[in-house]
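The values are calculated or read from the model by the stated rules, or taken from the named source; none is laboratory data. Values in this document were obtained by computation on a predicted structure and should not be read as measured data. Here Cβ is always computed from backbone atoms with ideal geometry, including for glycine, and neighbour counts include all displayed protein chains. Side chains included, ligands, DNA and RNA excluded: accessible areas come from the protein's heavy atoms. Shrake-Rupley method; radii C 1.70, N 1.55, O 1.52, S 1.80 Å.
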Amino acid sequence: DYDLIYSFCEELLNLDNSLRWIGISNKYGVLINVEQREGLKPLMSEEESEEYAAAAVSRYRTRVKFQTKIGKLNYAVGRYENVTRITIPISSDYFLLLTIDKEKNYDDIILEKIVPFIDKSRNKFNSEDPND
């Protein structure tokens, strides 16, 4: 439901002023909705963001085959010179992709703000386990 996804992204973007860009991808790596901080000059084009989403979901699928040995993935982080990129599975059908300003402590933002927000909305996306 687009209204659910749109409002989810809008609310999430307002959780912390270090959040730059938020995307919701389906299980095929296709971006369904993208929101970004007001006045932000994007680092990547729309096409590059689409490519990033597809690659992030593909990497997640690769990791799932090892979860019986290492546990379920809570989130994956890439720390770059200009930005921190994060992938968080919401359900088996949806993934949250986001970027945070490079100088921020991403772990606190994820664990104290983003994960609790996702947990409150997870059942609206899909009641299935995101790691199935």
(Q) Looking only at the range 9-34, count every residue that is open to solvent by less than 30 Å² (accessible area, probe 1.4 Å), farther than 19 Å from Glu103 by Cα and part of a strand (DSSP E or B) and tell me the total. (A) 5
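Per-residue answers, yes or no, for (1) open to solvent by 90 Å² or more (accessible area, probe 1.4 Å); (2) touching a Cys at 6+ places or on another chain (Cβ under 8 Å); (3) not in a helix (DSSP H, G or I):
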residue	(1), (2), (3)
Glu38	yes, no, yes
Ser58	no, no, no
Ile88	no, no, yes
Ile100	no, no, yes
Val115	no, no, no
Q | Filter result (surrounded by 13 or more Cβ atoms within 10 Å (Cβ to Cβ) and assigned to a strand (DSSP E or B)) within the range 74-86 | A | Ala76, Val77, Gly78, Val83, Thr84, Arg85, Ile86
Q) Yes or no: Leu111 open to solvent by less than 20 Å² (accessible area, probe 1.4 Å), modelled with pLDDT of 90 or more and of a type outside the set (Val, Ile, Thr)? A) no
